[in-house]
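Notes for the one structure printed next.
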Amino acid sequence: MSYSRGPTNEPLVEMTFGQHLDDVAARWPDTEAYVFKKTGSRITFANIQEKANRLAAGLKAIGTGRGDVVAWLTGHREEWIYLYFAVAKLGAIAAGVKVLVMGDIPGVEQTDGTIPYLCKLFPEVKTAKRGMLQIERSPKLTSIIILGDNKEGIGAYTLDEVQMMGNDEKLIAEVTTLQNQLSCHDTFLLGFSSGSTGQPKCAELGTYGLYNATRMATRILTVLRIPSEGSSLYPYLSSPYAVAFPLFLPGFRFVIPVSTSPSSVEIMKTVQEERCLAIWLFVKDFHDLLHDPHLGDYDLSSLRGVNIGGNVLSTSLLDRATEVLPKAKVRVGYGMTEFLGVASTIADVVGEGKGATVGKLAPHVEMQLVDKDGRVVPLGQEGEVCVRGFSMFKRYRGDEEKTAKAMTADGWYKTGDLGVLDEQGVLKLYGRISDMIIRNAYNVHPSVVEAPLAKHPKVQDVRVVSVPDPASVEEICACIILKEGQSADSDEMKTFCVEIGMVPTDMPGYFIFLDTFPTTSTLQKVDRKKLQLIAMEKLCLMEEA
């Protein structure tokens, strides 16, 4: 039957991030952990510990305690790191609404735009006293902290002021005492799903799961045979993994680019300047990099490993990577906000044809594939991927209904992904169950159509969605982005489908050509629902009432 369990020979560790930071800072105080390209800062573990202790004490001074929620809205700045570990030391929760820290807002070029933007969001701050906010729309929000000077005299602290409050040795001692009382099973982080099936959901993640998942994820350097000292580019500071990674890899510093959504050129320039050995990318960013017209202008020869997440990797994209990055091993990771680190594999074993290989299970993870009635399916048969283990989220915050819908009574998380498990315990994914197209009496998954179309020499990217059809109920529409300087039409694509032997049930009835695909709110995945609406509009198709 389609059930598998990852290895359990290595025990899980009970540790909080505050304790781990203190241990690492004691052993490697002067070792660089992060490089911030925005400010040029190169931060050591001793820097992080000292700033985090002061900031934790300052946050405590303005009323922040265990279980309180702290959020920050800022670009790629080192304060992100200090806040992360300060919150960990207090037993507070990262990303929320009691204390809000605001800086250079993504999309606002100058830090000077912070205060006007803040006053627009919360007009009450203009007359409020610091630490005594009363905002009807956010009743739990009591304090706002801004990065930079508070020249307007509004009811907000500056981060410098909070850190000055944290110079009190008594408060620092209280933070140390509190840290020693914390449980690694507390909720630490609120993670937002990508929203591929609707609005993003707020998942509560525990320290225990996040700590051990991060610890195990760092083993990929050994798998990829990358030296344990050097630099790695990590463009996604908001990722649950990002901040904690260097604590498990002392001597392997993480380079954070200037932009929160860096362009391919910025990524390549940073890799060249820092001689990065590894890089973490979502599939879309990897695709854009490999097809960037300026790819040949930068020296990427230092790269030895590329770690891909966020979606399945097509064989055509892997072939392109092998061509332009011959020294780099590509690794595919499968996981989600609700369950970190389900499975992974070296991408050169990604097979051809239907489905995309994502590898064997991570340690201490259970998986079963079930049918629509919740029954485990035989090996080799399609089913919904369900997982259970230490890194599963606790609940959707404030939404018991969605939590109950996603979790079974015996602790399985229903991923919504369609997959097949083979006799060797290797998982192949076919995509989201919700994306399935029912054409006449046939079920057609988009990945089955996308994989062969992606091999067309003029195609840069392709996504398949359903559109309404009076005869078949749903028709297949292939949405295509062509390579720069190329042109094509539907007849050419239909001819190509015939030439490669695509079966009639999988043949798209429509082809449309676009410049870009819409993305979900986190910018990590293509938003198929929006893409479907775009396709219907271009084809002048109206959905039946």
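G63 fulfils the conditions (1) at pLDDT 90 or above; (2) more than 18 Å from E161 (Cα to Cα); (3) surrounded by fewer than 23 Cβ atoms within 10 Å (Cβ to Cβ) except for a single criterion, (2). For the range 122-144, the set of residues classified as closer than 18 Å to G58 by Cβ and not charged (D, E, K, R) consists of G131, M132, L133, L141, T142, S143, I144, listed by residue number.
Here the condition is being in contact with a strand residue (DSSP E or B) (Cβ under 7 Å, 6 or more places away or on another chain) and over 30 Å from F188 (Cα atoms); of Y442, Y430, Y396, Y413, it holds for Y430 alone. Residues S447, S466: which one is of a type in the set (S, T, N, Q), under 30 Å from A362 (Cβ atoms) and surrounded by 14 or more Cβ atoms within 10 Å (Cβ to Cβ)? One residue alone meets the criteria, S447. Looking across the range 430-445, the residues that are within 16 Å of M507 (Cβ to Cβ) and touching a residue at least 24 places away in the same chain (Cβ under 8 Å) come down to I437, I438, R439, N440, Y442, V444, H445.
Of all residues in the range 20-46, those satisfying the criterion of being touching a residue at least 40 places away in the same chain (Cβ under 8 Å) and assigned to a loop (DSSP other than H, G, I, E, B) are W28, T31, K37, K38. If you scan the range 477-533, which residues turn out to be acidic (D, E) and either free of Cβ contacts under 8 Å to residues at least 60 places away in the same chain or surrounded by 17 or more Cβ atoms within 10 Å (Cβ to Cβ) (or both)? Those that are acidic (D, E) and either free of Cβ contacts under 8 Å to residues at least 60 places away in the same chain or surrounded by 17 or more Cβ atoms within 10 Å (Cβ to Cβ) (or both): D489, D491, E492, E499, D506, D515, D527. Which condition number does Q368 fail, the rest of (1) modelled with pLDDT under 85; (2) part of a strand (DSSP E or B); (3) more than 25 Å from Q532 (Cβ to Cβ) being met? Going through (1) modelled with pLDDT under 85; (2) part of a strand (DSSP E or B); (3) more than 25 Å from Q532 (Cβ to Cβ) one by one, Q368 breaks only (1).
Of note, A488 satisfies the criterion of being farther than 17 Å from I534 by Cβ, aliphatic (A, V, I, L, M) and either outside the structural domain of L317 (by TED's automatic domain parsing) or touching a Pro at 6+ places or on another chain (Cβ under 7 Å) (or both). When the strands (runs of 3 or more DSSP E) confined to the range 387-455 are screened for residues that are in contact with a Pro (Cβ under 8 Å, 6 or more places away or on another chain) and farther than 30 Å from E10 by Cα, those reaching at least 1 such residues are found at 427-432, 437-439. Given L418, L427, which one is in contact (Cβ under 8 Å) with a residue 40 or more places away in the chain and buried (at least 21 other Cβ atoms within 10 Å of the Cβ)? Among L418, L427, only L427 is in contact (Cβ under 8 Å) with a residue 40 or more places away in the chain and buried (at least 21 other Cβ atoms within 10 Å of the Cβ).
Residue-level check: of (1) crowded, with 21+ Cβ neighbours inside 10 Å; (2) touching a helix residue (DSSP H, G or I) at 6+ places or on another chain (Cβ under 8 Å); (3) assigned by TED's automatic domain parsing to the domain that holds E338; (4) not acidic (D, E), M216 misses just (2).
Among the residues making up the range 367-415, those that are of a type in the set (A, V, I, L, M), under 19 Å from P200 (Cβ atoms) and in contact (Cβ under 8 Å) with a residue 60 or more places away in the chain are M392, A406. Of the residues making up the range 434-489, those that are touching a helix residue (DSSP H, G or I) at 6+ places or on another chain (Cβ under 9 Å), among the β-branched types (V, I, T) and at pLDDT below 90 are I437, V444, V448. The requirement of being of a type outside the set (G, A, S), under 25 Å from S259 (Cβ atoms), touching a Leu at 6+ places or on another chain (Cβ under 8 Å) and at pLDDT 95 or above is fulfilled somewhere in the range 28-48, by at least one residue.
The values are calculated or read from the model by the stated rules, or taken from the named source; none is laboratory data. Source: prediction; values computed, not measured. Don't worry about glycine lacking a Cβ; one is built from the backbone with ideal geometry, like all the others, and counts go over all protein chains shown.
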